[in-house]
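Laboratory data are not the source of any read-out in this text; all were calculated from the coordinates shown. Given the structure is predicted, the values throughout are model-derived calculations rather than measurements. As a convention, Cβ positions derive from the backbone with ideal geometry for all residues, glycine included, and neighbour counts pool all protein chains shown.
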Amino acid sequence: MIRQGEPGGEMYFILDGSVYIRLRACVMGMHDYVTHIAAQISRLIHDDEHIASLTGCGFHLLTLMNGQAVLEPDKLGVNLEPLIQQCWRNALYMIPGLEGFTGQESDNAIQALRDLYAFSRQIGDSGDEFFAALQELMDNQRVAGSIRGAALGILFHSGRLSQSGLEQYLSRFLQQYQDQDLVLGIIYGLICSAREILWRVRGVLLHINQMVMTWPEDYFL
């Protein structure tokens, strides 16, 4: 399935909707086509350059694989795990490309990172490469604040970052007269990926309050 809509009007593959249609085909008993469909999906995964599409595809494939007992697995005749791993590996490869994302692109990127975190847990991956990529995002000044904040929240939620480490990052990000877009982006991304931090970690609200108190009045206009 191909959809148009990126800035510039270029064409790109959207896998998740395509895989969903194939999933419905299996539910309806069209098992004879699954092998051919799997080969097509593999080619689409190879060509897809959008992280949200890859994660959506992976989740649908997981649903199909986990539901094989209901869908008569002897008739499916295809191993879906390589396709799932292909989605995972390709999505990981896309993470450094989130640099420069803004607006709706950054919101989609945040959702994709959240989905990848859930994806890693469902496929039993240690997530080491994923978390290392998040660390690089968080430290990259060319990445939007909202994406950096989301990476920070996921790292803390996963236990890869301690509370003291979180507070150290926040004290660095939320400094007096720091770029306003960066500050608001960090807070927004943090809330999107781990909103419970606001009531679990007292230092977060303390940092935000201290920062806001230092802002001149024109920051609020």
Requested in this report: Multiply the residue separation of D179 and S162 by 0.36 nm, subtract the distance between their alpha-carbon atoms, and state the gained length in nm to one decimal.
Outcome: 3.6 nm
Query raised in the report: What list of whole percents do you get for P(r) of the stretch 102-210, with Cα-Cα distances grouped in 5 Å bins up to the one holding the largest distance?
Result: 2, 12, 25, 26, 19, 10, 3, 1, 0
Report task. Give me the Kirkwood hydrodynamic radius of the stretch 121-181, using the inverse of the mean 1/r over all pairs of distinct Cα atoms, in Å to one decimal. Result -> 12.4 Å
Report task. Decide, for the stretch 157-196, between rounded, prolate and oblate: order the square roots of the alpha carbon gyration tensor eigenvalues as a ≥ b ≥ c, take rounded if a/c falls under 1.5, and otherwise choose prolate if a/b is larger than b/c, else oblate. Result -> oblate
Requested in this report: Give me the distance in nm between label points sitting 7 Å out from Cα along the Cα-to-Cβ direction at L205 and D128, one decimal.
Outcome: 3.9 nm
